[in-house]
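For reference, the structure discussed in these notes is given below.
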Amino acid sequence: MTDAILSIDSLTIDLPIGADRPHAVEDVSFDLNKGEILCVVGESGSGKSMTANALMGLLPDGVTVGKGRAMFDGKDVLTLPEAQKQAMRGARIGMIFQEPMTALNPLMRIGDQIAEVFAAHNLLSGSERRARALALVKEVGLPDPEKIIRAYPFQLSGGQRQRAMIAMALALEPEILIADEPTTALDVTTQAQILRLILALREKHGMAVMFITHDFGVVAEIADRVIVMRYGQIVEAGIAKQVLESPQHEYTRALLDAIPTGTVPELAPITTAPALEIRHLNKIYRTGGSPFRAAREVRAVNDVSLTIAKGEVVGLVGESGSGKSTLGRAVVRLVTPDSGQVLVGGVDMAALDENELRKQRHRVQMVFQDPYASLNPRHRILRTLSDGPMAKGVSKQQAHKRALDLLEIVGLGADAATRFPHEFSGGQRQRIGIARALAMDPELIIADEAVSALDVSIQAQVLELLADLRRQMGLSILFITHDLRVAAQVCDRIAVMQYGRLVEVGPVRDVFHAPKQAYTRELLAAVPGAGWAMEKEDATA
């Protein structure tokens, strides 16, 4: 006797003619049992999100179900008429998306968007919908619910928007909740809160959860069972504990090995001379202000002082809103500090006028979180890597030669020069972003969440590349991240930031094994699967 609430049998999803492969998903079969959390794990392109979208009738144009069934309550949800699919969505099967800012309507208040779920199914009166929306906002733990339901999405933090999405998904008390990478873009403490919330809601409502992720730390935290997908096929499935402790497939083992464990490598600065000196830096953002309302001040960077030696990598760690990205942007002068000094090779970048800054900009370069958004989609890679040096006065021939050399250094090869950004994977685009930064021969690189959006195996490759470049070129790097495990892979020291201030600075080993501040301990404890990762590290030591 099966306890399955959803049974997928031989599902194949066809891609359009001309795609890299014929099928997004090929001959996939699995059950989702009542009340369980099933984690579907895999890298980008594995087919995990396509599987979920097929269940919800949300496949992209040109992508179709080739064969297979998905049986729920005696019906194949893949072949239901559109009207029945609409009735099922939200009411019987709810879904949480990875990026709530794109899934929420920016022009509607949060309360109205939750109430719209009831309106779409012709349920409750107007006042009842508002009351139910308020109750759901309270249930998912959002602060000041009366204020939240009147707020617009842009007025909420990333974690708050995700909670609002969960409230919408729970509105009609579905029997199945599909969560598609709902914590990937969140900092570790918010991520931990969302995972605890999903566990609590599962217990309260007894619903089955299909949780899509690429992070085995999340699996260790919440999963009952796990399915591992690669290139559209299931390569391993089993009880979560068994898969984590005794993976059978080489691909599963490779994913597990790629997870940052917090093991501290033996790295030391090449020299003690300073590459960067930040002295008492301040950046204040002021908003609002009227005859009826006082202006609001946010001290994004509050009296921060930090030194990075030549050849040293310093990790800047903190939650969203801690000020770490603002500090990095102030160093590279993408934002102008209100006071303080940013000394690069003895030159105060914060004090330069526009003309002088233009002459000095090459000394500090930045690698951004989203490489696709930071690369011009209309330019071939050769131009992307050559424009900066040519603007600095390097000849076209020299700039092109340097660009081809850099593509070899970052592991892409010279043939990448003639292609456009959309022709590369996320990890390859990030390598191009690194090459573009190196093209200017900088003394310092600011890497702002440069690996947080990447799959774990690609993340490991980029981290290894940064470590190699640091050793080969003596680069100094300010490595901004919200994940202490990632920082430990490449950094010599860690600086922990909270509410615009540096609250702890020290060698990686000291910060990991003897953190002085309670906030640092909270960050370490909040990493999904932190306990499992430590056990894994001890077992292999």
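Some observations on this one:
- Verdict on residue 101 being within 26 Å of residue 458 (Cβ to Cβ) and of a type outside the set (Lys, Arg): yes
- Meets criteria (open to solvent by less than 70 Å² (accessible area, probe 1.4 Å), touching a Pro at 6+ places or on another chain (Cβ under 9 Å) and touching a residue at least 40 places away in the same chain (Cβ under 8 Å)) for residue 411: no
- From the list 419, 402, 431, the lone residue that is charged (D, E, K, R) and under 23 Å from residue 456 (Cα atoms) is 431.
- Screening the candidates 51, 64 for the property of being in the same structural domain as residue 253 (by the TED database), touching a residue at least 12 places away in the same chain (Cβ under 8 Å), among the polar types (S, T, N, Q) and within 23 Å of residue 226 (Cα to Cα) yields one hit, 51.
- Top-ranked residue of segment 166-182 - restricted to ones that are of a type outside the set (Gly, Ala, Ser), within 22 Å of the chain's Cα centre (by Cα) and open to solvent by less than 10 Å² (accessible area, probe 1.4 Å), ranked as modelled with the lowest pLDDT: 182
- Unique match (being under 19 Å from residue 180 (Cα atoms), assigned by the TED database to the domain that holds residue 227, at pLDDT 95 or above and surrounded by fewer than 18 Cβ atoms within 10 Å (Cβ to Cβ)) among 10, 29: 29
- When residue 457 is tested against (1) assigned to a helix (DSSP H, G or I); (2) more than 30 Å from residue 182 (Cα to Cα), only condition (2) is not met.
- Taken over segment 90-122, the residue count meeting the criterion of being of a type in the set (A, V, I, L, M), in contact with a helix residue (DSSP H, G or I) (Cβ under 8 Å, 6 or more places away or on another chain) and at pLDDT 90 or above is 10.
- So residue 132, is it open to solvent by 30 Å² or more (accessible area, probe 1.4 Å), free of Cβ contacts under 8 Å to residues at least 60 places away in the same chain, more than 22 Å from residue 35 (Cα to Cα) and in a helix (DSSP H, G or I): yes
- Close pairs (7 angstrom Cβ cut-off, 6 or more residues apart or separate chains): in a loop (DSSP other than H, G, I, E, B) in segment 237-249, open to solvent by 20 Å² or more (accessible area, probe 1.4 Å) and modelled with pLDDT under 95 anywhere: 247/253
- Residue within segment 435-452 that is assigned by the TED database to the domain that holds residue 328, among the polar types (S, T, N, Q) and either in contact with a helix residue (DSSP H, G or I) (Cβ under 7 Å, 6 or more places away or on another chain) or farther than 30 Å from residue 523 by Cβ (or both) present: no
- If the condition is being open to solvent by 70 Å² or more (accessible area, probe 1.4 Å) and either of a type outside the set (S, T, N, Q) or under 21 Å from the mean Cα position of the chain (by Cα) (or both), then segment 506-530 contributes 509, 510, 513, 516, 521, 522, 525.
- Residue selected from segment 380-397 under the condition part of a loop (DSSP other than H, G, I, E, B) and not small (Gly, Ala, Ser), by the criterion least open to solvent (accessible area, probe 1.4 Å): 394
- Only one entry of 304, 394, 342 meets the criterion of being among the β-branched types (Val, Ile, Thr), assigned by the TED database to the domain that holds residue 489 and more than 31 Å from the chain's Cα centre (by Cα), and that entry is 394.
- Options 454, 438; residue that is without any contact (Cβ under 8 Å) to a residue 60 or more places away in the chain and open to solvent by less than 50 Å² (accessible area, probe 1.4 Å): 454
- Criterion: at pLDDT 85 or above and open to solvent by 30 Å² or more (accessible area, probe 1.4 Å) - qualifying residue of 502, 466: 502
- Selection within segment 465-486 - of a type in the set (Asp, Glu) and without any contact (Cβ under 8 Å) to a residue 24 or more places away in the chain: 468
Residue by residue, here is whether (1) open to solvent by 30 Å² or more (accessible area, probe 1.4 Å); (2) farther than 22 Å from residue 24 by Cα; (3) in contact with a strand residue (DSSP E or B) (Cβ under 6 Å, 6 or more places away or on another chain) holds:
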{"residue": "49", "(1), (2), (3)": "yes, no, yes"}
{"residue": "70", "(1), (2), (3)": "no, no, yes"}
{"residue": "86", "(1), (2), (3)": "yes, yes, no"}
{"residue": "89", "(1), (2), (3)": "yes, yes, no"}
{"residue": "96", "(1), (2), (3)": "no, no, yes"}
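The values are calculated or read from the model by the stated rules, or taken from the named source; none is laboratory data. Note that this is a predicted model, so its numbers are computed, not measured. Using ideal geometry, Cβ is built from the backbone for each residue, glycine included, and neighbour counts are taken over all protein chains shown. We work out accessible area using only protein heavy atoms, side chains counted, and drop any ligands, DNA or RNA first. Shrake-Rupley method; radii C 1.70, N 1.55, O 1.52, S 1.80 Å.
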